[in-house]
Amino acid sequence: AAQKVTVALDWTVNTNHIGLFVARDKGFYDEAGLDVDILPYGDTGAGTLVANRIADFGIAGVGLFTQRAAGADLKAVYAVVQQETGRLVFNADRSEIKSPKDLDGLTYGGFGSAWENTLISTIIRHDGGKGSFETVTLGTSAYEALANGSVDFTLEVSTWEGVDAELKGIRQRGFRYADYGVPDEHTTVIASSDAYLQANPKAASAFVEATRRGYQFAVDHPQEAGDLLIASNKDALTDPALIHASLKMLVDGHFLRSQDGVIGTIDKAKVEAMGTYLFNAGILLDGDGKVLKERPDFGAYFTNEFLGA
Amino acid sequence: MLPAPSRVLLQAWENRAALAENTLPTIRATLAGFACSLVAAFVLSALVDFLAPLRRALFPLLIVSQTLPLVAIAPLIVLWFGFGLMPKILLVALVTFFPMMVALVEGYAATSKEISQMLAAMGAGRWRIFWLARLPSALPYFFAGLRISITYAVVGAIFAEYAGAAKGLGIYMLNAKNNFRPDLVLAAVAVSAALTLALFGLAVLIQRLAMPWENAGSESRGGKPSGESR
Amino acid sequence: MLPAPSRVLLQAWENRAALAENTLPTIRATLAGFACSLVAAFVLSALVDFLAPLRRALFPLLIVSQTLPLVAIAPLIVLWFGFGLMPKILLVALVTFFPMMVALVEGYAATSKEISQMLAAMGAGRWRIFWLARLPSALPYFFAGLRISITYAVVGAIFAEYAGAAKGLGIYMLNAKNNFRPDLVLAAVAVSAALTLALFGLAVLIQRLAMPWENAGSESRGGKPSGESR
Amino acid sequence: MTRLELRDISKSFGALEVLAGISLHVAAGEFVSILGPSGAGKSTLFQLLTGALKGEGDMRFDGAPLDDHGRHFAFMPQRDALMPWRRVIDNVTLGLEVQGMPRRAAREQVAPLFAEFGLAGFERAWPAELSGGMRQRAALLRTVVQQRDMLLLDEPFGALDALTRAAMQRWLEGTWQRHRWTALLITHDVREAVYLSDRIYLLSSRPARIVSEIAVPLPRPRTTGSDAARQAAVLEAEILDTLLDTGADQASFPQTVQRSFS
Amino acid sequence: MTRLELRDISKSFGALEVLAGISLHVAAGEFVSILGPSGAGKSTLFQLLTGALKGEGDMRFDGAPLDDHGRHFAFMPQRDALMPWRRVIDNVTLGLEVQGMPRRAAREQVAPLFAEFGLAGFERAWPAELSGGMRQRAALLRTVVQQRDMLLLDEPFGALDALTRAAMQRWLEGTWQRHRWTALLITHDVREAVYLSDRIYLLSSRPARIVSEIAVPLPRPRTTGSDAARQAAVLEAEILDTLLDTGADQASFPQTVQRSFS
Ligand SMILES: Nc1ncnc2c1ncn2[C@@H]1O[C@H](COP(=O)(O)OP(=O)(O)OP(=O)(O)O)[C@@H](O)[C@H]1O
Ligand SMILES: Nc1ncnc2c1ncn2[C@@H]1O[C@H](COP(=O)(O)OP(=O)(O)OP(=O)(O)O)[C@@H](O)[C@H]1O
Ligand SMILES: Cc1ncc(C[n+]2csc(CCO)c2C)c(N)n1
Ligand SMILES: [Mg+2]
Ligand SMILES: [Mg+2]
């Protein structure tokens, strides 16, 4: 019988998740002997679900660093994107914001994670500002708040919210993290737990490889993959144009598969760089809330061993 | 900022299939959860009525159970009970239980002294007094509580879905919102409001049927024909 | 899955400064919001009591206001009113208003027919009858509603903070959760529970003081000395 | 001068005909009683007068149609209708307060009457702490202090023992005489009716009709003298006879009454 | 054989002394009345008997300490305590139901009595639809159908007119005789006490003491005969005298009672 595998999402269904749906609906998981259940996005974070063994896999981001430092059993096994897709955005009509230092004193609509402040401070200070701003925790409402002027800026996934804004003709501007001293990263990864990986190495390999086939297919056949994603999420995805435009950007921008043809593989250097950056910023805390004194071994935060050849 | 009502209606109609499909699980969770909390409220309130010490021990616990910010515990419930119907039923029960419980307990206490004395003199035990006098006395209170509860039932189910569900009005709203479709969010909100209104109407109807004496002898202005002041 | 209580307590103590700092805004929002909803419940219930047609018109609206899934509208309210105290007050008021309103309306209806007739015969106008008979008759109902409401006040404030705030217990919980500190989440939950328990205790105390007659002549087993069955 | 005049008053509850054309009048300063079997419709008549119920027929007060029911009557309901949430004194001052008298003045006005009503020391008690008879006296006190044009009393002495009842009746008669109140009294006690009234209406059983109107030409104050007592006894006997006769057409009810005992 | 025996019963509510050493007894099959001023403590005594209140002193039933208050008495409270949520018939069958009788059987048993109590046609009415006297009769009916060892009646006829009252009294006397019930009656009506009782206890005003115990040696059934009536009148006068004498030590209350009228 097929082995059951569950995977939790980090956000409502979007093009970052395309590989999962393609692999599922194209039968790649079936062929790998897996019965994959894609858990819906909800208030309970994917990291929490995975670390607590409610889900076997989950989509994660930078949070993985802070959570693992705090003792969560999380390990990245697949890089959904090869470069940073995140971006700091604000409305284009805010002409007074010329560079990041102008963000000092403004209001940020955030998602409630510790690394956000570090990241934004870095950007502002790198530009010569003080790095002090107001944070309002909004979660999924951040983008409405930005549109309606309640907050001055936020962070976005440029291949999703950015594309949407462009399609809708909402004029926005933004700063790329990498331009202001933040190391490049795999913004979105798939993570599992050491406990699961050790107990189910075969299934883990099967899942990660089949998932890679899914992303591979999406890169090769973006139109068909997009339609497939829409078809299996009729209720949620009501704007086909957004899906296809977003996919186009993910593919053409070499996010899903790098120019060198790398797909899914996690770049040790990027993990080390991001980890070191966060460690130096002093936001990696242990389970008791104490700042980590020893630089952790970030090599343990990820593995490529389930990717196969 | 908000889409026009006409647009909401139109979109609701166009997406009626999806809406219907997502309403069903919510209704199921609402009804099941509400049924549980109804039973629990009756059983627990009766228990507490019989055992005063239990009341003193249980009430703080119950209050605490209400003070747990749902936002904080909904994820926990998902962690414990997974993504099935169970956690939704639990959350709905948790949300709707308290108003009925409080109303019942207050209602029992409103029983006329004379009537319970008379029953005791008839040789009625505590259980009979409860059944014959305290429970009927608590009915108007109970229905006040029921009306409050029932407005929370649907909301509770939607909330539970936010914490994690495959289908349901909550999920539909969440998706619509993150896909920048406020019109569909509002359509789902309208459906949930309609559901609640229907449940509320049902509660009022049941009250009418359950308390026929409330309208007896009331052919007069002002007030009910309650035997006497209380 | 859950941290040990000892650990929660220890961490609560170690982070007491941060907890206190985040508790204050929540208390402020809770009290302000509750005060608003108290006033609104009295004014509106009285209005509705005087104008039966208004009742028929207003009640569905009020019910709908309760059916709006908070998860869906909290963000909207925050977007409209900003991140200050205002949206929190509004949300707390929205959450706590309905139980008191329903209880009051039900309570007015429970007024003894004989008493209102007698007052009318004394020449008392509707307003006086309301003030002298209907309001006191509604008091036990009101307090049942109040107890329900008050347990929701803190939760409402926390919820509002979840939807968007700079500081507060809700934000503290959210951050703790996202940063994988279930112990701190629970510490904040404990604080919120303590707050609610305190408010609840206060409500019980006020009820005792406000209804001294409820214990009069009750030197007997079972039931209160209410004038007569109702 | 006719103060209250009812013409052909009828009232039904659904299919139940209760009042079937009641006509009666009460002159200013007159004390009139209504005697009638239990369940006849006496309390219903008062509910019509106080506006709590609507019926058919013509009701006039001082010649004008009775519309502001609340201005003319001090009404004592059959069940005491004390407010459990007000102390006895505050229940007693209720009518005065409704009339706009400041609370303190109202209390001062009623305070001396507590002793006369046997309620001294219970001013600050709650109604739930009173005995049945004490409740009734408190309700009566609440009624009489209102100083309205007319008293409507629905069985004001039903829960009182012979002594207390006699004392209250005497107080009522005396005070009534002093103030020249107009009064309409519902009672089930023939003696009480004779002792207090200028005229008595006898009601049939349901549907209630007026079967007889009896004048009580006894001198006032009705204190002593065996002559008056003898006259009263004759009247009482007459009334009981009438009641017995009219009661007889009511088939379902046992009519055999010991004349010697009742 | 002594059925109920009370020895030196006392009861206070806080500082208010209500019962000050009441001793009385009721023999099996005996009808005993308690007469006393309003507010004396009569109803309080019944509350002690039914276990609703705790006091001091010794209470025995058939020689054994009275602990299961619910097994011995059929109790009619002073205020009717009808349940507003039960139809009249279901209020009446309440005691039988509590005793475990099936509802249908209970209804069949009580149904014939509705006519006798003047409540025919009101079986399915709600209590709120009854007149004051009808409520009282329903409460009495609920009490007597219980067929307990002993009846405790707290002013069962207070709201009834003379005729209805006489009929009910007659019914009670007749039925009591037939069943040889034991009965303890609280009343404020001297005639009623004399008509119904074998013995009468007179209570002083609060704090209540027993001031006199009066035997009523009239023949039963107490139907007719002017001889009996004369004897009864003598007894009544005697009782009123005693009441007047004892009432006199109660300073705050007007004691002047018209002997001719009360
Ligand atoms: N629950 C109570 N709390 C305080 N005082 C009470 C209570 N019940 C009765 N009393 C007081 O006890 C006294 C006796 O009351 P009780 O009802 O026994 O009188 P009663 O003899 O039955 O009078 P009545 O003929 O008017 O019914 C009264 O003064 C009353 O105020
Ligand atoms: N609100 C009501 N609804 C239905 N029937 C009613 C209502 N009020 C009174 N009745 C009926 O009307 C009749 C007369 O009632 P009412 O109270 O006027 O009698 P009463 O003459 O005052 O009797 P009592 O001497 O027993 O107080 C009764 O048969 C009663 O059942
Ligand atoms: C589609 C999509 N949009 C927003 C987020 C929320 N989010 C999480 S991390 C981050 C910033 C990236 O540097 C943002 C915006 C998400 N997870 N997926
Ligand atoms: Mg009446
Ligand atoms: Mg009494």
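The values are calculated or read from the model by the stated rules, or taken from the named source; none is laboratory data. This one's a predicted model, so the numbers in the text were calculated from it and none came from an experiment. Neighbour counts are summed over all protein chains in view; Cβ atoms, including those assigned to glycine, are modelled from backbone coordinates with ideal geometry. Only protein heavy atoms, including side chains, enter the accessible area calculation; ligands, DNA and RNA are left aside. Shrake-Rupley method; radii C 1.70, N 1.55, O 1.52, S 1.80 Å.
Give the residues of the range D:121-144 that are in contact with a Ser or Thr (Cβ under 9 Å, 6 or more places away or on another chain) and either in a helix (DSSP H, G or I) or within 16 Å of ligand 3 (Cβ to nearest atom) (or both), sorted by residue number. Spell out how you get there, then give the answer.
Within the range D:121-144, the first condition is being in contact with a Ser or Thr (Cβ under 9 Å, 6 or more places away or on another chain), and the residues that meet it are D:121, D:127-128, D:131-134, D:136-137, D:142, D:144.
Across the range D:121-144, the qualifying residues are D:P127, D:A128, D:G132, D:G133, D:M134, D:Q136, D:R137, D:R142, D:V144.
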**OP:** For D:D67, indicate whether it is without any contact (Cβ under 8 Å) to a residue 60 or more places away in the chain, open to solvent by 20 Å² or more (accessible area, probe 1.4 Å) and assigned to a loop (DSSP other than H, G, I, E, B).
**Re:** yes
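Could you list, in sequence order, the residues of the range D:146-185 that are among the hydroxyl-bearing types (S, T, Y) and at pLDDT 85 or above? It would help to see each step written out before you state the result.
The first filter runs over the range D:146-185 and keeps only residues among the hydroxyl-bearing types (S, T, Y), leaving D:164, D:175, D:182.
The answer is D:T182, and nothing else.
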Subject >> Residue among A:E134, A:E156 that is in contact (Cβ under 8 Å) with a residue 60 or more places away in the chain, among the charged types (D, E, K, R) and on the phi < 0 side of the Ramachandran plot >> reply: A:E156
**OP:** Starting from the range D:24-45, keep only residues that are over 15 Å from E:D161 (Cβ atoms), then list their pairs with residues that are acidic (D, E) and open to solvent by 20 Å² or more (accessible area, probe 1.4 Å) whose Cβ atoms are within a distance under 7 Å, requiring at least 6 positions of separation or different chains.
**Re:** D:H25/D:E5; D:E30/D:D198; D:F31/D:D198; D:V32/D:D198
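Please verify whether C:G168 is of a type outside the set (S, T, Y), closer than 30 Å to D:L96 by Cβ and modelled with pLDDT of 85 or more, treating the condition exactly as stated. Step through it out loud before you land on a result.
Numbers: of a type outside the set (S, T, Y): yes; closer than 30 Å to D:L96 by Cβ: no; modelled with pLDDT of 85 or more: yes.
When the stated conditions are applied, C:G168 does not pass them.
Can you tell me how many residues within the range A:40-63 are out of contact with any Phe, Trp or Tyr (no Cβ under 8 Å at 6 or more places or on another chain) and within 15 Å of C:F180 (Cβ to Cβ)?
Pass one, the range A:40-63, residues out of contact with any Phe, Trp or Tyr (no Cβ under 8 Å at 6 or more places or on another chain): A:44-46, A:49, A:52, A:54-55, A:58, A:60-61.
Narrowing further to those that are within 15 Å of C:F180 (Cβ to Cβ): A:44-46, A:49, A:52, A:54, A:58, A:60-61.
Qualifying residue count for the region: 9.
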Subject >> Among the candidates D:S212, D:S205, residue that is closer than 26 Å to E:A167 by Cα, within 9 Å of chain E (Cβ to nearest Cβ) and not in a helix (DSSP H, G or I) >> reply: D:S205
Original post:
Does the range B:35-58 hold any residues that are closer than 26 Å to C:A194 by Cβ and touching a residue at least 12 places away in the same chain (Cβ under 8 Å), and which are they?
Top reply: B:S37, B:A40, B:A41, B:L44, B:S45, B:V48, B:R55, B:L58
Original post:
For residues in the range D:36-49 being open to solvent by less than 10 Å² (accessible area, probe 1.4 Å) and within 13 Å of the chain's Cα centre (by Cα), which is nearest to the other protein chains (Cβ to nearest Cβ)?
Top reply: D:G36
**OP:** Determine whether the range E:5-21 contains at least one residue that is away from ligand 2 (no atom under 16 Å from the Cβ), open to solvent by 10 Å² or more (accessible area, probe 1.4 Å) and under 16 Å from the mean Cα position of the chain (by Cα).
**Re:** no
**OP:** State yes or no: is D:A237 in a helix (DSSP H, G or I) and open to solvent by 30 Å² or more (accessible area, probe 1.4 Å)?
**Re:** yes
Original post:
So which of A:A199, A:A204, A:A178, A:A210 ends up being more than 14 Å from chain C (Cβ to nearest Cβ), without any contact (Cβ under 8 Å) to a residue 24 or more places away in the chain and either more than 16 Å from ligand 4 (Cβ to nearest atom) or among the β-branched types (V, I, T) (or both)?
Top reply: A:A199
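Every residue in the range D:157-166 that is in contact (Cβ under 8 Å) with a residue 24 or more places away in the chain and in contact with a Pro (Cβ under 8 Å, 6 or more places away or on another chain), please. Quick ask: steps written out before the conclusion?
Of the residues in the range D:157-166, the ones in contact (Cβ under 8 Å) with a residue 24 or more places away in the chain are D:157-161, D:164-165.
D:D161, D:T164 - these are the residues of the range D:157-166 that are in contact (Cβ under 8 Å) with a residue 24 or more places away in the chain and in contact with a Pro (Cβ under 8 Å, 6 or more places away or on another chain).
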**OP:** Output yes when any residue across the range B:217-225 is outside any helix (DSSP H, G or I), under 30 Å from D:P127 (Cα atoms) and at pLDDT 85 or above, and no when none is.
**Re:** no
Original post:
Residues D:Q177, D:Q169: which one is open to solvent by 10 Å² or more (accessible area, probe 1.4 Å) and more than 9 Å from chain E (Cβ to nearest Cβ)?
Top reply: D:Q177
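Among the candidates C:S65, C:S45, which residue alone is of a type in the set (S, T, Y) and modelled with pLDDT of 90 or more?
Result: C:S45 is the single residue among C:S65, C:S45 that is of a type in the set (S, T, Y) and modelled with pLDDT of 90 or more.
Per-residue answers, yes or no, for (1) within 14 Å of chain B (Cβ to nearest Cβ); (2) assigned to a strand (DSSP E or B); (3) open to solvent by 30 Å² or more (accessible area, probe 1.4 Å):
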residue: A:H17; (1), (2), (3): yes, no, no
residue: A:A23; (1), (2), (3): no, no, no
residue: A:D37; (1), (2), (3): yes, yes, yes
residue: A:V50; (1), (2), (3): yes, no, no
residue: A:V77; (1), (2), (3): no, yes, no
residue: A:V81; (1), (2), (3): no, no, no
residue: A:K98; (1), (2), (3): no, no, yes
**OP:** Only one of these is hydrophobic (A, V, I, L, M, F, W, C) and without any contact (Cβ under 8 Å) to a residue 24 or more places away in the chain: B:A103, B:A93, B:A110, B:A72. Name it.
**Re:** B:A72
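Would you check if A:G214 is of a type outside the set (A, V, I, L, M) and surrounded by fewer than 20 Cβ atoms within 10 Å (Cβ to Cβ)?
Working: of a type outside the set (A, V, I, L, M): yes; surrounded by fewer than 20 Cβ atoms within 10 Å (Cβ to Cβ): no.
So A:G214 fails the test.
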Subject >> Filter pass, A:E134 being within 11 Å of chain C (Cβ to nearest Cβ) and either within 16 Å of ligand 4 (Cβ to nearest atom) or over 14 Å from the mean Cα position of the chain (by Cα) (or both) >> reply: yes
Subject >> Number of the condition not met by E:Q147 [criteria: (1) open to solvent by 30 Å² or more (accessible area, probe 1.4 Å); (2) facing another protein chain (nearest Cβ under 7 Å); (3) in a loop (DSSP other than H, G, I, E, B)] >> reply: (2)
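Can we say A:F90 is open to solvent by less than 10 Å² (accessible area, probe 1.4 Å), farther than 24 Å from B:M173 by Cα and within 16 Å of ligand 3 (Cβ to nearest atom)?
Numbers: open to solvent by less than 10 Å² (accessible area, probe 1.4 Å): yes; farther than 24 Å from B:M173 by Cα: yes; within 16 Å of ligand 3 (Cβ to nearest atom): yes.
Taking the combined requirement at face value, the residue satisfies it.
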